[in-house]
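J.: Attaching a single structure in structure tokens format; questions to follow.
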Amino acid sequence: GRTMYVLFVSSADNIAKLDELRGVNRQLALDPEIPADERASLIERGRVFVMETLSMHSGEVGPSQSLPIYAHRLATTEDREVLARLDDVVLMMVPCHNPDGMDMVVEHYREYLGTPYEGARLPRVYHKYVGHDNNRDLPLQSQVETKALAKLIFEDWFPLAYIDFHHYGSFGG
């Protein structure tokens, strides 16, 4: 029931022409009949789109919690190497793959903060139908979260790379 967001991080020039870049990316992804010279021109004009999703499993709060720091560093950097990469890449980040489950985890933590149960796992599943394992739904695409991501990836933006960030949890590797 919660809104899922996508954050775009790139150079100011790329963000200003995001719709144009999206069109170039779409054409390159869907049209196998592009003549070689036109394809080369599109590749030159286009950018590499990279999609990152954070905290697919709601108990893995680290990726979502680190996003503001990571995005701020990218947005305010003066590092020439990073700036050059931001000229070539449009980074798409979904801050939380399962926002309803993340709320459950946070509420559970706050409820037991300062008690012997602080840090205990949520004693129920994060999702009525798929439990905590949204990634098992990718082939079926029966859940709202999976459908939203599939639309972003396969219908709207066509990123060249897709990365899902997990973390080890409370007990390390």
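J.: In whole percent, and with a 1.4 Å probe on the protein chains, what portion of the accessible area of the chain is carbon and sulfur?
T.: Solvent-exposed carbon and sulfur of the chain make up 55 percent of the total.
J.: Let me ask something else. Would you please classify the overall shape of the stretch 1-47 from the alpha carbon gyration tensor, given that a ≥ b ≥ c denote the square roots of the eigenvalues, rounded means a/c under 1.5, and beyond that prolate means a/b larger than b/c while oblate covers the rest?
T.: oblate
J.: Quick one: of the DSSP bridges fully inside the stretch 1-149, what percent are antiparallel, nearest 5?
T.: 35
J.: Further question: Apply the a/c threshold of 1.5 to the C-alpha gyration tensor of the stretch 7-82 and tell me whether it is rounded, prolate or oblate.
T.: Oblate.
J.: Could you tell me how many cubic angstrom of Cα convex hull volume the stretch 54-132 has per residue?
T.: Looking at the stretch 54-132, the number lands at 107 Å³ per residue.
J.: Students often get this wrong, so try it: which of (1) 1.11; (2) 1.75; (3) 1.21 is Cα Rg over 2.2 N^0.38 Å as calculated from the structure shown?
T.: (3)
J.: Using the alpha-carbon atoms, what tilt in degrees (0 to 90, nearest 10) does helix 18-30 show relative to the longest principal axis of the chain?
T.: 80
J.: Hey, can you grab everything whose amide H is under 5 Å from the amide H of Glu52? Only 5+ residues off in sequence or another chain; H modelled, so Pro and N-termini drop out.
T.: Placed amide hydrogens put Met92, Met93, Val94, Ile163 under 5 Å from Glu52.
J.: May I ask you to derive the FRET efficiency for Leu138 and Arg73 from their Cβ-Cβ distance with R0 = 25 Å, giving the value to the nearest 0.05?
T.: Here the calculated transfer efficiency is 0.25.
The values are calculated or read from the model by the stated rules, or taken from the named source; none is laboratory data. Since the model is a prediction, treat every value here as computed from it, not as a measurement. FYI the Cβ positions are ideal-geometry reconstructions off the backbone, even for glycines, and counts take in every protein chain you see. We work out accessible area using only protein heavy atoms, side chains counted, and drop any ligands, DNA or RNA first. Shrake-Rupley method; radii C 1.70, N 1.55, O 1.52, S 1.80 Å.
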